[in-house]
1. Just to be sure I understand, how many residues within the stretch 748-774 are more than 13 Å from residue 654 (Cα to Cα) and not in a strand (DSSP E or B)?
2. So residue 550 passes all but one of these: (1) more than 23 Å from residue 463 (Cα to Cα); (2) of a type in the set (Asp, Glu); (3) in contact (Cβ under 8 Å) with a residue 60 or more places away in the chain. Which condition number does it fail?
3. I'd like the full set of residues that are on the phi < 0 side of the Ramachandran plot and in contact with a helix residue (DSSP H, G or I) (Cβ under 9 Å, 6 or more places away or on another chain), limited to the stretch 40-55.
4. Open to solvent by less than 30 Å² (accessible area, probe 1.4 Å) and within 17 Å of residue 461 (Cβ to Cβ): does that describe residue 577?
5. Would you check which residues across the stretch 586-597 are open to solvent by 10 Å² or more (accessible area, probe 1.4 Å) and touching a helix residue (DSSP H, G or I) at 6+ places or on another chain (Cβ under 9 Å) and list them?
6. Could you please find all residues in the stretch 336-363 being open to solvent by 80 Å² or more (accessible area, probe 1.4 Å) and at pLDDT 75 or above?
7. Only one residue in 728, 739 is in contact with a helix residue (DSSP H, G or I) (Cβ under 9 Å, 6 or more places away or on another chain) and of a type outside the set (Val, Ile, Thr). Which one?
Amino acid sequence: MNYIFDLRTIPSSILEKTGGKATSLSLMMQNLKMNIPSGCVIISDAFRDGKITEEAQKELDEIIGRLDAGKTYAVRSSAIGEDGAGYSFAGQYETLTNVKADGIKEAVAYVAGSSASARVEEYKSRNGIGSEGIGVIIQEFVNPDYAGVIFTSDIITGKDDKIVGNYVKGEGEKLVSGTENAEEFRIDAMELTYEGQKELAPYARTLGKYSLAIRAFYGVPMDIEWAVANGKVYILQARPITTLIRHNTKDYDVNGSRSGYKLLTKTNVGEIFMNPVSPMTFSVLEKINEFLGIPDWLDNICGQAYMNISVMCSLMVGLGMTRENAYKNVRDLVGEIPEGVAIPISPFDTKAFKKNLWKLLFPKNRSKLTKKQMHEMVENLHGISEDLISQVKKIDSNEELMRFWDDVLMPNLSDGLASIMAESGMSLVPLFTLRKNITEIAGEDMANRLLGGSLGTLDCMKPTLLLEDVAEGRMTREEYIRICGHRSADEMELMAPRPYENPSFLDDLLKDRASNSSNLHEMQTRQKAAYEEALAEFKKKYPSKSRWIDKNIAKFIHANAFREDIRSKGVRIFCVFREYCLKAGALNGLGDDIFMLGYPEMFALLKGDASAVQYIPARKENFTRYLSYPSFPNLVIGRFDPEKWLADPDRRYDVFISGQDASKGASDGTSAGDPESVVKGFAGAAGVVTGTVRVIEDVSRIDELCEGEILVTRATNIGWTIAFHKVSAIVTDIGAPLSHAAIVAREFGIPAVVGCRNATTVLKTGDTVTVDGSAGTVKIVNGI
């Protein structure tokens, strides 16, 4: 057995035995182009009770005999768990530098023995860490002119617009021990400009590039030790900044606001995930981020889903766009941000993104289906899904279930995604540009009129429209379940049951529908006529734009249909995966607890590795706590601590800005001091109506809604659509012109104001209000 490995070529199967420091150095050596002192690592299996075994000592003696006697070496600890995401162990173990070859044997014994020191034992006890072993690194010693540490993010605020660090002349030990005052410096993360002592200036740009490359490679804020010797910059080690860790896998402690200073919004994503997501769903969302090559795009705070606007805008800026234009391009998708608040921008690895995009567009294992076969697959996706679910339910062993994934589900998933893309097309650009273009030509009112009533019947409208067809005998119950039985308010949460799993779900819907006199088909027809009237008016007033408007409306219709089609078909894929998870849970005695694992852990379980099961109780405890939290603010900027926010009597549900007094926060969307308080938001769907407010926080209380009331809620998704036949208007906290409530309301001609940020706190059930969907206002008129 080998006990010592070259840092540059450690096999992946051995990494877990090398300790955190050696693993980090090895990964950087294998993947990044930068100066790192060469060396080797003695793995943890080589030591027993802090002493090297006889067999490992023989191997070490052979290596020592081959070392250059003219060089000196550094001997460092690399304990299991050291320099990891959870604990840094900074300064706990011993390090020896400038060691000659004939002194390495004693140095290794000294460093390995430090694992049993009182200092280390106290650190482990304080942090609840067991004894997991130690590795020891032997590296060529870099005799530094300057040495120091650098942080890719501010360790308190998480801001990463500046790389901050300090250094001393000579070895870094003087910095760690505090025996010498350090010089501070900053490097602009975007421009790599330097602020600090002139002596370090020649090396600052290289140091900045190395730091950003390491940050991009690990995907988390990093604490990096470095040195300058003989005119070269060397990286000595790199570890995550433990105070800025986004996700602790052991107990599902997840808070994306910890890992950097960024702007997070619930707009759009908060409509899809209205409740905290389970660890299983979270793992799938993480895979989507990796698949798209946009780190943390789908972010998370205590299970509540957010969209990371900073990373989107950082990508655009990295591709050459100005900050202003970057925000304009996502405005319709994410809504307004408070006046005077700048979107935090960070360095973005555009080369890696382009490389990932190329793989996405031109995968090595491309689908071998013909265009005709792809079309047939999309058309028959329901039948394929049902057949796959039926096969999953018949499986009775872990081995067979794993084999089914590899041989059947994975190929079908790849072919299905390729078919959906090929069938539906890819252009979503009109979603973001057409409103702006029409407004510039004919004004905002015309834009609102033209973008409503033009889309026909989207997938998200079918659960309520087709319900009328079932009630009136134009559609069978079986056909309705086939088309709509997979759609629900929590349809993208793998842990949530699907409507088709409940035999009585359609009866419940029909019973509620029978008590209402509204006809959504008629409302849709009226709205289409209004659209056609607006289109004729536009062409008459701007005849030179006649062909232009027809072409662009067609693209807009296609883009909307594509977006909704993708979502519907994605839900079908989620249904299959949910049934797969349920089977894995049943086979392993976990039941629904299977959703407390991530999908890679589930696959490991099917292959015989049940190590992740031990984390289920802690994750379940945190997940249960997450379910008890109210909905967090729609907009979060900077670090957000849920417990501190909950304890604040002046807490806001619309905007949270780190370091800012809640009572002095951004505009809350109301006209202060006005006797007729006005809630403001986006113009969602044109029309003016006065009526009575019904505030509903959760779709489970939708039965409280009475016919003709104005629905006021955090957000809506397809699960709420079944109640739209009752409402006279819709008002939401979360949303933008492209949000679910706005799109569906425009097609039915229901006045809507979306993205108000705090409508559910300002408005109360029973209030009389006037909703102006064109102006984006809700005026309280109680007693007027």
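1. Selection size over the stretch 748-774: 11.
2. Failing condition for residue 550: (3).
3. Passing the criteria: 40, 41, 42, 43, 44, 45, 46, 47, 51, 52, 53, 55.
4. No: the conditions fail for residue 577.
5. 586, 587, 588, 590, 591, 592, 593
6. Scanning the stretch 336-363 gives 339, 340, 351, 354, 355, 358, 359, 362.
7. Answer to the check: 739.
Every residue, every condition in (1) closer than 30 Å to residue 720 by Cβ; (2) surrounded by 13 or more Cβ atoms within 10 Å (Cβ to Cβ), yes or no:
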{"residue": "515", "(1), (2)": "yes, no"}
{"residue": "520", "(1), (2)": "yes, yes"}
{"residue": "524", "(1), (2)": "yes, yes"}
{"residue": "528", "(1), (2)": "yes, yes"}
{"residue": "535", "(1), (2)": "yes, yes"}
{"residue": "538", "(1), (2)": "no, yes"}
{"residue": "542", "(1), (2)": "no, yes"}
{"residue": "547", "(1), (2)": "no, no"}
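The values are calculated or read from the model by the stated rules, or taken from the named source; none is laboratory data. Since this is a predicted model, take the numbers as computed values, not measurements. Virtual Cβ from ideal backbone geometry, glycine too; neighbours counted across all protein chains shown. Note: areas computed on protein heavy atoms with side chains; ligands, DNA, RNA excluded. Shrake-Rupley method; radii C 1.70, N 1.55, O 1.52, S 1.80 Å.
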